[in-house]
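Only one structure is covered here, and it is reproduced in the block below.
The values are calculated or read from the model by the stated rules, or taken from the named source; none is laboratory data. Here the structure is a predicted model, which means the values were calculated and not measured. Please note: Cβ atoms are built from the backbone with ideal geometry, for glycine as well, and neighbour counts cover all protein chains shown. Just so you know, the surface numbers come from the protein's heavy atoms only, side chains and all, with ligands and any DNA or RNA stripped out. Shrake-Rupley method; radii C 1.70, N 1.55, O 1.52, S 1.80 Å.
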Amino acid sequence: MGVLEIIKSIPLILVYVLPGYIAMEVKNLLLPTRKKDPIYRLLESILFSYVLLIIIEAARWLSCKYISKTQFTSFNVTKLENWLIIILIGIFFGFIMAIVVRSRITHVLLSYLGISITHYPSVWNEVLDGESVKYNNHRDNRDKGSVFIRVYLDEEQIIYDGFVKAFTSDPNVLARDIYLMGFRSFSYNGELLEDYYGNWSVGVLISANRISRLENLSGIVLESTS
């Protein structure tokens, strides 16, 4: 195969990789995801590209048969406008996948089948994200549904109770932190050290490598975060 043939075949190769890759990247932007092996990502992209191309071809066939009443021809991957369609469809399906995975309806339907799934990339995210509280049918309305957690710091012998205002959600970041508002702190012997409960102007930033255990109001427990 000459150089010219290789160049001509590039669009055909990309069409079986790029749509699925775009869709998965858009989904990963909307849902924090752990980094995957490059080979796995390539296979995943190829699989989703095939699915998207089948959907595109099926939609075009139906359009030719029942709407335009014209002869059906295969998708021409050398045309610029067709590549724009592929990219837009990849972006669209990425959004759809993220919405479906996070949907309460999806969780309910799968639960009837005895299947339990989570869109969280780690237990850390599930414990700290307010969405996990909604899925457990519990909300603390004192801070618009923020998770109220208890943090144990064994080395310092301190316990913090507070509302999660922010936390490091990217599972690929090793230096993770939690920011609590409206918090209280106690020593391990029960002595009250600080009391800012209900005070939303005061917060405390806690590094994950200091934490030995987390508990939240929905009953999820994280024994170790390091």
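Observations
- Residues located in region 170-188, provided they are over 17 Å from residue 212 (Cα atoms), part of a loop (DSSP other than H, G, I, E, B) and open to solvent by 50 Å² or more (accessible area, probe 1.4 Å): 170, 172, 173
- Taken together, 56, 87, 91 contain a single residue that is touching a residue at least 12 places away in the same chain (Cβ under 8 Å) and buried (at least 16 other Cβ atoms within 10 Å of the Cβ), which is 56.
- Scope region 203-218; condition within 19 Å of residue 146 (Cα to Cα) and loosely packed, with under 13 Cβ neighbours inside 10 Å; matching residues: 205
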